[in-house]
Amino acid sequence: MSAPAKPSGEPITSKGQLIESLASGCRPPEDWRIGTEHEKFCYTNDDLRPLPYEGPRGIKAVLEGLAGLGWERVMEGDNVIALHDYCGAAISLEPGGQLELSGGLMENVHQTANELTHHLAQVKHVARLLDIGFLGVGFQPKWGRADTPWMPKGRYAVMRRYMPEVGGKGIDMMLRTCTVQVNLDFASEADMVKKLRVSLALQPIATALFASSPFIDGKPSGLLSARGDVWTDTDPHRTGALAFAFEDGMSFERYVDWMLDVPMYFVYRDGKYIDVAGQSFRDFLDGKLPGYPGELPSLGDWSDHLTTAFPDVRLKKFLEMRGADGGPWRRLCALPALWTGLLYDAVALDGAWELVKGWTTEQREALRADVPARGLAATVAGRSVRDVARDVLDLAVGGLKRRARLNDSGRDESMYLDPLESIVRTGKTSAEEMLEAYHGRWQGSVDPIFKEYAY
């Protein structure tokens, strides 16, 4: 969502270019990679407040501290809004100052774990210097919208104005949520369709397994994943489980057609964001965009537009798994391990499809709506999510073992699924552990979460 805009590129003269752009992501299995992203809340240690952008302990100071460790600055006007390195990784800002690592493209989850370890070591080094902390949960547990500073990025000003027009919780999504996601490849259009369907159907299972956001405004919310619940009321035109993906004829073109009907947010020109929120990319293709009349889009504009849709699984030149709450290091590694095991092994992928292919649209939608509150106790097609999750983990473990990517100790990638195996075995998610602590040793306060779940 927060990548710098790309205003340039080849002019778009036909819809075929948009289809070809997505199809260009197809690559042979030997070239498949794993790209892991995660967000974290930043806060001051003395009063646990979110960081502003400016100031001696602000987000800008965090970015400057990381730049001193070798990262290159990305500017928007006079503001540092992101960092990048020469290995393909980037650090960017979400609207409420959440710090996001978009990792490089890795061949296996062991490399992902090493990347995360190195990144968190750098982040903690800067944190010690500034007397701040970083929290790994799915929803800001203590502070409300009014307490959260906005980051000075042009696209966020557009979204801030538009979000309340189309949903009740879009501002919460922007300011108060954190996620971990993994980006994975496909070999062909048919492979993309199968992986998209499997991952869309199973995304609520990931939401349940990774649930770590039971608090809103300092109190239990009645939810296990407040972050998951936010996505049920953000913007129906650009979110959801993409029921059309399960229809006959699903293709790159069908996704392009959907994206052409997803309302735009902005056009980026000459360093400025032109607010065209709610207007049509189809009109833009015809040079009839009301907010920018007579102008035609480039492939850079299309790339920007793709980032403004937020379905449970997003298609670009790869697939983005978007269903999980943020969490500590072990769960940050578990998420790419889960989806790599399911989608990068043919036997596991076939097994996962057999698991979900009989689910109806109504069952998938009901599951998506129920999981934020009920977690592993939710049901689908007569089975509990906990039982389905057990089957899913068995498939993922098998897939990772068949991949046989070993670390220096001779262990395969299934080692990173241990935290999820524990959750299924006990039936207790991280959110439920937090609620037990809140009603027990935390004595009705969420403040201890900032130490116990800090990086």
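Here are some notes:
- GLY97 within 17 Å of TYR455 (Cα to Cα), in contact (Cβ under 8 Å) with a residue 40 or more places away in the chain, in contact with a Ser or Thr (Cβ under 9 Å, 6 or more places away or on another chain) and buried (at least 17 other Cβ atoms within 10 Å of the Cβ): yes
- The stretch 350-363 residues that are more than 10 Å from ALA201 (Cα to Cα), paired with ones that are in a loop (DSSP other than H, G, I, E, B) (beta carbon under 7 Å, 6 or more apart): GLY358/ALA381
- Residue list for the stretch 171-210, filter: within 18 Å of ASP391 (Cβ to Cβ) and not in a helix (DSSP H, G or I): PHE210
- Any chance LYS288 is surrounded by fewer than 19 Cβ atoms within 10 Å (Cβ to Cβ) and touching a residue at least 60 places away in the same chain (Cβ under 8 Å): no
- Some residue of the stretch 181-191 being farther than 23 Å from ALA243 by Cα and either modelled with pLDDT under 95 or surrounded by fewer than 21 Cβ atoms within 10 Å (Cβ to Cβ) (or both): no
- Residue pairs whose Cβ atoms lie under 8 Å apart, separated by 6 or more positions or on different chains, with the first residue in the stretch 394-410 and over 20 Å from ILE423 (Cα atoms) and the second acidic (Asp, Glu) and part of a loop (DSSP other than H, G, I, E, B), are LYS401/ASP412; ARG402/ASP345; ARG403/ASP345; ARG403/ASP412; ALA404/ASP412; ARG405/GLU107; ARG405/ASP412; LEU406/ASP412.
- Restricting the stretch 191-246 to residues that are over 14 Å from the mean Cα position of the chain (by Cα) and aromatic (Phe, Trp, Tyr), the residue that is farthest from ASP345 (Cα to Cα): PHE215
- If you go through the stretch 86-106 and keep only what is outside any strand (DSSP E or B), modelled with pLDDT of 95 or more and under 30 Å from GLU30 (Cα atoms), you end up with just ALA89.
- Against the test of being crowded, with 22+ Cβ neighbours inside 10 Å, touching a Pro at 6+ places or on another chain (Cβ under 9 Å), β-branched (Val, Ile, Thr) and under 30 Å from LYS142 (Cβ atoms), the options VAL267, VAL230 yield a single qualifying residue, VAL230.
- Index of the failed condition, LEU135 passing every other in (1) over 26 Å from LYS316 (Cα atoms); (2) among the aliphatic types (A, V, I, L, M); (3) surrounded by fewer than 23 Cβ atoms within 10 Å (Cβ to Cβ): (3)
- Selection within the stretch 127-170: residues that are outside any helix (DSSP H, G or I) and of a type in the set (Lys, Arg). The member of this set that is farthest from TYR438 (Cα to Cα) is LYS153.
The values are calculated or read from the model by the stated rules, or taken from the named source; none is laboratory data. Model, not experiment: these values are computed from the prediction. Heads up, the Cβs are rebuilt from the backbone with ideal geometry, glycines too, and the neighbour counts pull from every protein chain shown.
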